[in-house]
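Peer 1: Encoded as structure tokens, here's the structure I'll be asking about.
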Amino acid sequence: MSCFGCERNEQLLKLTDEEVLAEVEEQLLMEINLASDDLRGSRLAICAGCPFRQSHTCTKCGCYVAFRTSLEIKSCSVGKW
């Protein structure tokens with residue numbers, strides 16, 4: 001499953017880890033209110049063991065995990081952080 005808001009489909013294109021990270025980093029350049037490294041790290045640690053995580057994507061909200069955890073104002077769709 002790819003990010004619901006993305007025009008490209010991760011499954012069809014078979015994006016590598018590096019390509020997904022590049023997509024996330026490119027989008028983050030346009031964002032404000034980024035989470036601190038500590039906050040992002042703690043969120044990523046929680047997401048790592050989440051049953052709703054599928055590869056790079058949260059199946060509940062459809063976001064790339066690396067993107068959503070990097071935004072200060074976002075929260076987990078199932079209330080884990």
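Peer 1: Assuming a ≥ b ≥ c are the square roots of the Cα gyration tensor eigenvalues, decide whether the stretch 13-81 counts as rounded (a/c under 1.5), prolate (otherwise, with a/b larger than b/c) or oblate. Walk me through the intermediate numbers first.
Peer 2: Working: a/c = 1.71, a/b = 1.06, b/c = 1.62.
Oblate shape, in that a/c is at least 1.5 and b/c is the bigger or equal ratio.
Peer 1: Which residue, chosen from G49, V65, S36, occupies the Cα position most advanced towards the positive end of the dipole of the stretch 10-81, where the dipole is computed from +1 (Lys, Arg) and -1 (Asp, Glu) charges on Cβ about the Cα centre?
Peer 2: G49
Peer 1: Quick one: which residues, 5+ away or cross-chain, put their amide H under 5 Å from the amide H of L71? H built at 1.01 Å from N.
Peer 2: It is A35, by chain and number.
Peer 1: Along Cα→Cβ, 7 Å out, is where each label goes; now give me the distance between the ones at D37 and T59 in nm to one decimal.
Peer 2: A separation of 3.3 nm, rounded to one decimal place.
Coordinate-derived values only; no laboratory data. Here the structure is a predicted model, which means the values were calculated and not measured. Heads up, the Cβs are rebuilt from the backbone with ideal geometry, glycines too, and the neighbour counts pull from every protein chain shown.
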